[in-house]
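Reviewing the structure listed below.
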Amino acid sequence: MKSATTQPLSVAVLCLVLGAALSAVAQVHDVPMPHDCSASPAQLEAEKKVVLDFIRPGITLRELIALIDPSYIQHNPLVVKAAAEKHISDYEEFKLLFTRAAAAGNPGEQNVLDGPARPRGRGPHAVSVMAECDLVTAIIRNTRPDPTASSGATYEQFSFDTFRVRNGRLIEHWDNEEITTESVEALRKLEQ
């Protein structure tokens, strides 16, 4: 039988080991550790507002581009691949993709920059937005067609977008996108 002091000691040792491992990973990848965070609740709310503005229905392309810092780093593998193939920055690829998507999704718009950034002015539906330090994650609800149903049934699927926010602008992005034949074809179609 374990003594009452053994369990807290085991938990303390586990915390030390995990802390050391996380610190090592952070040093390798230059990721700031959460304990270095000095963001106030007001700063966290301001960072969340930037992300909520980015996904807001009706945002214009000009407003959307203004939220992105020119030093923007993309971790979406499909967009990284597209930027590398064109030999342009993640920021330039971002602007190019959203400009083409806005033009394709809103045909007839005279001035694409001042028109909706997304087709018909729709935006992703965030079910939760969380902030820690300079990272903001939005969990997005998507409706997908059920390929196993013949009646046109759909199902809910959830994805995420995580952004690093600094000085009121988005400087880095992660999501759960994969490079698939379908996603590459959709991107190529958009580029035509």
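Bear in mind that the values in this text are calculations on the coordinates, not laboratory data. Source: prediction; values computed, not measured. Every residue, glycine as well, gets a Cβ built from its backbone with ideal geometry; the counts of neighbours run over all protein chains shown.
Take Y72, Y91 and order them by how many other Cβ atoms sit within 10 Å, fewest up front.
By the 10 Å Cβ count, ascending, the order reads Y91, Y72.
What number, in percent, do you get for the relative contact order of segment 40-191 if the mean sequence gap of Cα pairs under 8 Å and at least 6 apart is divided by its residue count? Mind showing how you got there, number by number?
Values: 259 pairs, mean separation 44.5, N = 152.
In percent, rounded to a whole number, it is 29.
Can you tell me which lysines have their Cα less than 26 Å from the Cα of K189? Leave out same-chain residues fewer than eight positions away.
Qualifying lysines at Cα under 26 Å: K81, K86, K95.
Simple spin-label model, 7 Å along Cα-to-Cβ: K81 to E191 in nm?
It is 1.0 nm.
Can you give the three extents of the C-alpha atoms in segment 40-191 along their principal axes, from longest to shortest, in whole Å?
On the principal axes, segment 40-191 reaches 51, 32, 30 Å in Cα extent.
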